[in-house]
Amino acid sequence: MSTRQFGARVERNIDPKLLRGEGAFVDDIPLPDALHVAFLRSPHARARIVAIDTSAAKRYPGVAAIYTSDDIGALDVEMPLLIPHPSMKNPKTQRPLARGDVHYVGQTVAMVVAVDRYTAEDAAALIEVEYAPLPLEMDLTKALTDDAPLVHADVPNNLAAHFVQTSGNPDDAFARAEHVTRITVQVDRSTAAPMECRAVAARWDAVSGELTVWDGTQTPISVRGGLASVFELDEDKVRVIAPDVGGGFGQKVLLFYPDELLVPMAAMRLGRPVKYIEDRRENFLGSSQERTQIHTIELAALRTGEVIGLRDFFLHDTGAFIPYGIAVAQVASTSIAGPYRIPNILVEFKAVYTPTVQVTPYRGCGRPQACFAIERAMDQLAEELGLDRFEIRRRNLIEESQFPYAREGLLFADGLKVTLDSGRYGKALAMAAAELGAENFAAEQAKARAEGRYLGLGLACYVEGTGLGPYEGGHVKIHPITGKVYVNTGLSTQGQGHDTVFAQIVADQLGVSPQDVIVVEGDTKAFEWGVATFASRAAVVSGNAIHKTAIIVRNKVIEAAANMLDVDPDQIELRDSAAWVKGSNRFAPLAAIATASNPLRYAFNKAAQAATQFAPASKHDGPPLADGQAPGLEATDYYSPSRSTWAYGVHGAIIEVDPGLCTVKIRKYVCIHDCGNMINPMIVEGQVLGGIAQGIGGALYEHLDYQADGNLANASLMDFLVPYATEIPNVSILHLETPTPLNPLGVKGVGEAGCIAVGAVVASGVEDALRPFGALKFHQVPLSPNMISRALEAVGC
Amino acid sequence: MARTMRAAIPDRSADPEVDVSMTVNGEAVSRTVSVRMLLSDFLRHELGLTGTHVGCEHGVCGCCTVLIDGRAGRSCLTLAVQANGYDIRTIESVAAADGTLHPVQQAFKECHGLQCGYCTPGMVMNIVARFEEPGKLDLSDEGIRDLLSGNLCRCTGYLNIIAAVRRAAELLGRA
């Protein structure tokens, strides 16, 4: 047999193209005669639009069209609420262009279409808008009070959603508790900041009646459905292509952004291709953000450290609109107990409207916040009970024998009961302790302190529900001419290496090299059934769909090859792009088998001669294709997970704090990680490392600085501090591979894993480092030098 | 949708134009362009060399890095007219004509130094510029981080890029 590809560090198929500069991102698609879009955006967080005058802008040379809400016809409605949920009363979504009120700085007010972007921006600056500013409240807690200014006049107290979930009997647990610890923690607002901002281009073909849209989206199939619906076109007449996409991290899963509707509209109205390439400032102002939550969490414990109950109440900032429903808050609330048994849980949240751009998932999607809350609470509990931080976790982790571990009463983001399916949590914790050198750390710490250096050990465990449904599909076809294998699925990729991991899965079934498997996704004309790339689900859901499909094709190949080579099917083995009779030199190449499986009239090449009507092997005793038989070697199948599968891990770090400069330096970072069977460890490590870097950003640097008037003061990469290589320490990753029983490949998702625990690790480590100055508390991330300075000042240092 | 009359659409802006000539990837090019056209737009949209990417348009992310007379420079902070008479090299010139990857590109592939690939051309151009300078390379953890400190990557967490720089030095006999 060929070497097994599943599990191998296969280099990526897509890399040569990207490295040579031959990638095709939306703005790279050549569209002759394209017109370009710029938006006029609101400079006010809350205001009433009194008047808009576009006359000067319309006269500006090079302008093709200007649209306000009055000019967009049927599009002037609130955009879809993607995930309805009964906890939301009067859920608000925005219109493509503001009508009446504006609700955040950056909201789109008018759209200019011009010969180039420079001209479009000039014209946007010439549009005169008269605003009557309205009062506003940026503070999440104050926004809920009775006299707070409202983001939406008809939503009292700015309350977007209120939801309570209970598992077990938390009241009883708190009544039985021998110790209760309580802590309030906060995670601040951040943004995905993908290196490629969002981009949409559209071409309307009036002759064929087809609309083609290139959209850097994570969900082209959903965008197609939405566009067909909005423009009242047959779905088959709308093609949405997500070409190469420069990172997404959740920000590109939302639909619709205003441009995703308005650009196709303009292309249809003007009869010319139209492009909108978001710039970096717009990405900060107009594309989704996440993270702000304030949790007050209580743990009910026995003196042994066993946690028997958890109560968490949190506020979730949803921005001015809630198009993605309560997904972020729901994921946070269902991840709140982490990897711990904690059998009794009450978790309640209020989602609050604030006059800021909408909040929808950003890598992690509520998990970093939940992890920060539970892990900081566990640290505090350990301290209060005089227990070691590793020990208190060890006493509470779900044990291997306890899986599957259900949390009755908690529904995950897929609408199904939270059930942690598998893992070796205790082993992961032990590995982290060993890799960190935890046993000897106290001595190391003491020695450093004697030298005037402040070292701390940070620690956090996390879980990640991955691989959400509803389903994905796979199509696998062996091409009769080249013998190469073509694979399609309904996802799109933003750099995760789908084309390689899916190729590895197929290669094992068909005995071909992964380089001969060509994966095409992100194009509704290539595969039109499926959902999207989000929630660490691609490998789990599409991976298993493609695996199932490849097995069907494998069986077809074996059956056809057995006929051609005149042996029993169990005598056939597949390797080196051919079917071989075991223990012999007899073989048939896959291309030949595919050709022979397709009865032909025309011999368009030499191989094809074998499949034509007068060739020796052709059938003459019935129809060339038997009833129910299909030509070629291909299949389509689907995988729909029974429920999410839960990955987990333990992160730790040795952190040095300079109490003079109030700076934090990560000296050593350790990640123990288990995502079940790894299809490609190199790609898994890449995902984890990238996540950790984003986590470090979120833990120490990335803070969207909204002013009291709702303006974002750091809407640039100069001021919003995404880490460079200089901020990222070396990381040691150790893998555990505990296969999930829930799917045939035994895989769990990994996309979001890296970022979840980092904030908790850093805060834990900084507290530990500064312990000689007193019991300083760090309950908020990003953890800035100012916070350290204030904490030190508070204890008189 | 019913067929509608084609709208009257202007075909040009009122921007003053200027003739620019430069050498791009070894070839002499001349175009007449708006005086305010960025070099990045000139390369991408006038010449169709879309491998140079634009990530921030304020000189922070490094995606748009090209070589200007052999030195790494930000094409998003350079006007096309400023590049008049200069020798420009873009990512499209790095691999061999038959597509064989340059050692720096090969190292990125071997070390999984890229994910979405959007920052990659700028990273590669910056590294190539450094490798073309004479003298000893500082391949310490700190030295490589310093070399990469003008390029943002949001996918990889940089460590594989650091490994790729070391691997490239090996492949080029510069280790």
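Quick note: the coordinates plus some simple rules give every number you see, no bench work behind them. Just so it is clear, the structure is predicted and the values come from calculations on it, not from any experiment. Quick reminder, even Gly has a Cβ in these numbers, built from the backbone with ideal geometry, and neighbours come from all protein chains shown.
List the trypsin sites (Lys or Arg not before Pro) within segment B:1-98 that DSSP assigns to loop and that have no more than 12 neighbouring Cβ atoms inside 10 Å.
B:Arg3, B:Arg6, B:Arg12
Could you grab the relative contact order for chain B? Cα pairs under 8 Å, six or more apart, rounded to a whole percent.
In percent, rounded to a whole number, it is 22.
Note down the net charge around A:Arg341, summing +1 for each Lys or Arg and -1 for each Asp or Glu among other residues with Cβ under 14 Å from its Cβ.
Here the count lands on 0.
Multiplying the sequence separation of A:Asp171 and A:Leu302 by 0.36 nm and subtracting their Cα-Cα distance, what value in nm do you get?
Numbers: separation 131, 0.36 × 131 = 47.16 nm, distance 1.48 nm.
Length gained between A:Asp171 and A:Leu302: 45.7 nm.
What is the distance in Å between the Cα centres of segment B:1-77 and segment A:29-76?
That distance is 24 Å.
What do you get for trypsin sites (Lys or Arg not before Pro) in segment A:272-306 restricted to DSSP loop and a cutoff of at most 13 other Cβ within 10 Å of the site's Cβ?
A:Arg303
Express in nm, to one decimal, how much length is gained between A:Leu734 and A:Arg575 on full extension, taking 0.36 nm for each residue of separation and deducting their alpha carbon distance.
Net length gain for the segment: 54.0 nm.
How crowded by other chains is A:50-61, given as the mean number of beta carbons from other chains within 10 Å of each beta carbon?
1
Determine, for each peptide in A:546-553, A:107-114, A:91-98, the mean count of other beta carbons within 10 angstrom over its residues, then list the peptides with the highest first.
A:107-114, A:546-553, A:91-98
Strictly greater than 15 Å: what percent of every Cα pair in segment A:79-175 meets that?
When every Cα pair of segment A:79-175 is considered, 75 percent fall beyond 15 Å.
Going highest first, how would you order A:726-733, A:254-261 by mean Cβ packing within 10 Å?
The densest-packed peptide leads the list: A:254-261, A:726-733.
With the cut-off at 23 Å, tell me which of the pairs A:Lys665/A:Lys777; A:Lys417/A:Lys748; A:Lys668/B:Lys136; A:Lys556/A:Lys582; A:Lys556/B:Lys109; A:Lys350/A:Lys417 have Cα atoms farther apart than that.
A:Lys668/B:Lys136; A:Lys556/B:Lys109
222 nm [θ] for chain B, helices only, -39500 (n - 2.57) per DSSP H run of 4+, per residue, to 500?
The helix-only estimate for chain B comes to -7000 deg cm²/dmol at 222 nm.
Quick one: net charge around A:Tyr638, please, counting Lys, Arg +1 and Asp, Glu -1 for every other residue with C-beta under 9 Å from its C-beta.
Taking every other residue near A:Tyr638 into account, the sum is -1.
Under a cut-off of 12 Å between alpha-carbon atoms, report the aspartates and glutamates in cross-link reach of A:Lys17, not counting same-chain residues fewer than 8 places apart.
The reachable aspartates and glutamates, counting only those whose Cα sits under 12 Å from A:Lys17, are A:Asp244, B:Glu92.
Only Cα pairs under 8 Å and at least 6 apart count here; give the relative contact order of segment A:615-771 as a rounded whole percent.
33
May I ask you to list the GluC sites (Glu not before Pro) in segment A:286-321 that are in a DSSP loop and have at most 16 other Cβ atoms within 10 Å of their Cβ?
A:Glu306
So what is the 222 nm mean residue ellipticity for chain A from helices alone, if each DSSP H run of at least 4 adds -39500 (n - 2.57) and you divide by all residues, rounding to the nearest 500 deg cm²/dmol? Each step should come with its number before you reach the end.
Numbers: 20 runs with 206 residues, N = 797.
Roughly -7500 deg cm²/dmol at 222 nm, from the helical runs in chain A.
Using a cut-off of 12 Å between beta-carbons, work out the net charge of the residues near A:Phe502 (Lys and Arg +1, Asp and Glu -1, A:Phe502 not included).
Details: positive: A:Arg12; negative: A:Glu472, A:Asp499, A:Asp508, A:Glu521.
After counting each charged neighbour, the total is -3.
When Cβ neighbours within 10 Å are restricted to other protein chains, what is their mean count per residue of peptide B:103-112?
4
For chain A, what's the relative contact order in percent, using C-alpha pairs closer than 8 Å and at least 6 residues apart?
Values: 1992 pairs, mean separation 121.0, N = 797.
Contact order relative to length: 15 percent.
Could you give the distance between the Cα centres of segment A:622-679 and segment A:157-236, to the whole Å?
That distance is 20 Å.
What Kirkwood Rh does segment A:206-344 have if only Cα atoms enter the pairwise 1/r average? Answer in Å.
After inverting the mean inverse Cα-Cα distance, the result is 18.4 Å.
Take peptide B:120-132, look around each residue's Cβ out to 10 angstrom, count Cβ atoms belonging to other protein chains, and average those counts.
2
Post the alpha-carbon centroid distance, segment B:104-168 to segment A:732-790, in whole angstrom.
27
Classify the protein assembly as shown as rounded, prolate or oblate, taking a ≥ b ≥ c as the square roots of the eigenvalues of its Cα gyration tensor: rounded when a/c is under 1.5, otherwise prolate if a/b is larger than b/c and oblate if not. The partial results should precede the final answer.
Working: a/c = 1.40, a/b = 1.13, b/c = 1.25.
Rounded.
Using r as the Cβ-Cβ distance of A:Glu391 and A:Phe773, and R0 as 25 Å, what FRET efficiency do you calculate, to the nearest 0.05?
Approximately 0.55, to the nearest 0.05.
Compute the FRET efficiency between A:Leu661 and A:Ala442 as 1/(1 + (r/R0)^6), taking r as their Cβ-Cβ distance and R0 = 22 Å, and round to the nearest 0.05.
That pair, A:Leu661 with A:Ala442, gives E of 0.30.
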